[in-house]
Amino acid sequence: MASRIRLEDRECPLSTTVQHVGEWWTLLILHDAFDGYTRFDQFQESLGISSSMLTTRLKTLVEDGLLERRPYQTNPVRHEYVLTELGHSLRPVIVTLAAWGNSRLPAAERSMILVDAHSGQEVEPVVVDARTGRRLDDSDDYVFAAGPAASDAMRSRYTTRTGSPAEEA
C-alpha cells in the first residue's frame, strides 16, 4: 500500500503514527486485542470483517511490531496474534479515544465504559504531563515545538506558531 504521508510530514510523529494505526479496522483489532482476543476467528466474529481485510490488517500490525504472530496449533498450523510491548503501549491512546467518544453521549447511551477492575467504579481517563500531573487538554498552555531532529521547515513552522525560537523548546 502506498504511503499516505505527504513528503513534508515524514518527520511529524503524528503523521507517521497515523500511518500505522489511523485506519478504522486497525484500531478496532487493537481494541479487541486489549480485550484478550488473539485468534483470527475471534477477531473476525467480533468485528464482522472480511477474511481478506482481516488478513491484511493483521499482517500490517505484525510488520509494524504491534502484534506478534505465534503458532498455537501444529496440525493444521494455526497462529494467534499477541500484543507486543509496543502494541501494549497504545492502550492509553485507545482508552482516551473511547473516553472522548463517550464524553459526547449522555451516560445512559454509553455502551462501553472504563471501570476500575477492583472497585467497578467508572473512571474518567485524562492525559496528563508525567512531571507535573497537569492535564494536557489546554492548547493555550501546551503547544508543539520543534525537537532536536527537526528540519529547518519544522523549526520555522514552530518558531512562527509559538513565537519563540525552536531551540528554547
- request: Filter the helices (runs of 4 or more DSSP H) completely within the stretch 65-169 down to those with at least 3 residues that are more than 17 Å from the chain's Cα centre (by Cα).
  value: 152-162
query: Which one of these does Thr60 not meet: (1) at pLDDT 95 or above; (2) among the hydroxyl-bearing types (Ser, Thr, Tyr); (3) buried (at least 16 other Cβ atoms within 10 Å of the Cβ)?
result: (1)
- prompt: Somewhere in the stretch 35-51, is a residue part of a helix (DSSP H, G or I), open to solvent by less than 30 Å² (accessible area, probe 1.4 Å) and modelled with pLDDT of 95 or more?
  reply: yes
statement: Note: among Arg104, Arg70, just one is open to solvent by 80 Å² or more (accessible area, probe 1.4 Å) and at pLDDT 95 or above, namely Arg70
message: With the structure loaded, tell me whether Glu122 is surrounded by 15 or more Cβ atoms within 10 Å (Cβ to Cβ) and either at negative phi or without any contact (Cβ under 8 Å) to a residue 12 or more places away in the chain (or both) or whether it fails that test.
response: no
- request: Find all pairs meeting these conditions: Cβ atoms under 7 angstrom apart; at least six residues apart or on different chains; first residue within the stretch 46-63 and in contact (Cβ under 8 Å) with a residue 24 or more places away in the chain; second residue open to solvent by 40 Å² or more (accessible area, probe 1.4 Å).
  value: Ile49/Trp25; Met53/Trp25; Leu54/Phe40; Leu54/Gln44; Arg57/Trp25
task: Quick one: in the stretch 5-24, of everything that is under 13 Å from Leu66 (Cβ atoms) and in a helix (DSSP H, G or I), which residue is modelled with the lowest pLDDT?
output: His20
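The values are calculated or read from the model by the stated rules, or taken from the named source; none is laboratory data. Just so it is clear, the structure is predicted and the values come from calculations on it, not from any experiment. Neighbour counts run over all protein chains shown; Cβ positions are idealised from the backbone, glycine included. The area values use the complete protein model at the heavy-atom level, side chains included, leaving out ligands, DNA and RNA. Shrake-Rupley method; radii C 1.70, N 1.55, O 1.52, S 1.80 Å.
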